[in-house]
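The block underneath contains the structure these notes are about, expressed in C-alpha cells.
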C-alpha cells in the first residue's frame, strides 16, 4: 500500500473521502473585520493591509498603461501568442453560449424577454503560490462578450509593488478596463463596497485562497459559486494508459496541497501501474512537497464496473471528470453531475485549463450537483415584458377571475373586470 496514493478495494469508501472536501473557510470574524475596515476607511485600509500581507507599500493601486507596456516587454513572445490562442478559443466557445431576446404573440398577448449585460464585473486573480493568466482570460472574456461595459481585475502586487507580467498581458488581451494592485479579502471588500480609487462592481468572480472565499461569501455583492480546492476524477478500465492517468492526477495535484485526484478503475493491475508511474514521476517533477501533500487527499478505487464508477462519480460530482475508456461517448449521457467532462485518452484536463475554450472556473466540493461552470449566463440579466390588447384581456378574463377567486384575491379579479364596466 503506497503511503501517498492508496488503492482501495471498496469503491464506496469514496463517499467517506467526500466528507473531507468541504470548503475550508475561516469563520472566526477575522475576515469580517477586514471587510468592515475597508468599508469604513477605504483606500487607507487597503494600503495598510497591502503592506501587512504583501509586504509592500502602494501609493497608487491603479495599473497604468506604462506598466502594461513594460509587462509585454518582459513576457516571452511565445507566451503572448499562447495567451492569444487561448483567448480566441475561449471567445469562440462562449459566443455560442449567448442567449437571445425573444418576442411572440398568442391570442392578443404579446410577450417576450430582454437580455442585458450587468453594469460591471470584478475579477479576482490570485497571486500566491502561482500566477494564473489563464484565469484572467476565463473570467474576463465572457463578460466582455456579453457587453459588460466595465470589467475590473484585482490581483496582489509582488514585493516590488508590481503585478505579475503575464497577468497584466492577459488582462490586456481580454480587454479588461481597469486593473488594481490589491489582493486578499481586502480586494473583495473594495470591489463590493467601493473606495475613492476602486468603484464598486455588480458582481465578483474568480478563485482565491480561503480568506478570499470567505470574503466572497460574506459580502452582499453576488459571486459565481462557492469554490474549494481543485479536484479531478478519472474513470478508466484495464485498457487505459497508466502513464497518461498518472500524469493527469499529478497535474491536478500540483495546483495546491489541498487539491485532490481520484481514479475509479475496474482493473487492479492498472491501479498498481498508475501508482508506479506516480512514484517514478515524483522523483523528477518540481513542486514535490505540494504533490505529495495533495496525493494524500485522493486515492485509487477498484470498482466492479464502469457503471458503478459512473454512479459513484455522479454522487461525488467532481469538478473535473476524465473518462478514459475506448468509447467515452457511449457513457456521456449517463453523466449527471460534473463541472466539466474530458473524453478519451487525448483530452487531458490541462487542455480545458488552457485551450479547448470551455471555462475552467468550475464548481468544486460537490457543488456541480446544482451549479454550472462560469459562463455568459453569469454576466447577463433578463427581464420579461408583456402587452395585452383589449381583445386579449377579454379572451382571458374568465381565466383570471377563476384563478383569482380560488386564491381569495378579489382585487385581482376586479382589476380585470373594471376595464369592461362601460360595456355592460
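The values are calculated or read from the model by the stated rules, or taken from the named source; none is laboratory data. Since we're looking at a predicted model, the values are computed, not measured. Please note: Cβ atoms are built from the backbone with ideal geometry, for glycine as well, and neighbour counts cover all protein chains shown.
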### Query
When you look at residue 192, is it in the same structural domain as residue 60 (by TED's automatic domain parsing), under 16 Å from residue 61 (Cβ atoms) and in contact with a helix residue (DSSP H, G or I) (Cβ under 8 Å, 6 or more places away or on another chain), yes or no?
yes
### Task
Would you be able to say whether some residue in the stretch 348-362 is touching a strand residue (DSSP E or B) at 6+ places or on another chain (Cβ under 9 Å) and more than 15 Å from residue 134 (Cβ to Cβ)?
no
### Message
Being farther than 21 Å from residue 153 by Cβ and either modelled with pLDDT under 95 or part of a helix (DSSP H, G or I) (or both): is that true of residue 46 here?
### Response
no
### Summary
Every listed condition ((1) touching a strand residue (DSSP E or B) at 6+ places or on another chain (Cβ under 7 Å); (2) over 19 Å from residue 92 (Cβ atoms); (3) not in a loop (DSSP other than H, G, I, E, B)) holds for residue 166 save (1)
### Task
Those residues that are over 15 Å from residue 208 (Cβ atoms) and touching a residue at least 40 places away in the same chain (Cβ under 8 Å), I need them from the stretch 172-187; list them, please.
172, 173, 174, 176, 178, 179, 181
### Message
Please pick out the residue among 329, 379, 342 that is within 13 Å of the chain's Cα centre (by Cα) and at pLDDT 95 or above.
### Response
379
### Query
Applying the selection to the stretch 169-189, what residues are assigned to a loop (DSSP other than H, G, I, E, B) and under 23 Å from residue 46 (Cβ atoms)?
176, 177, 182, 183
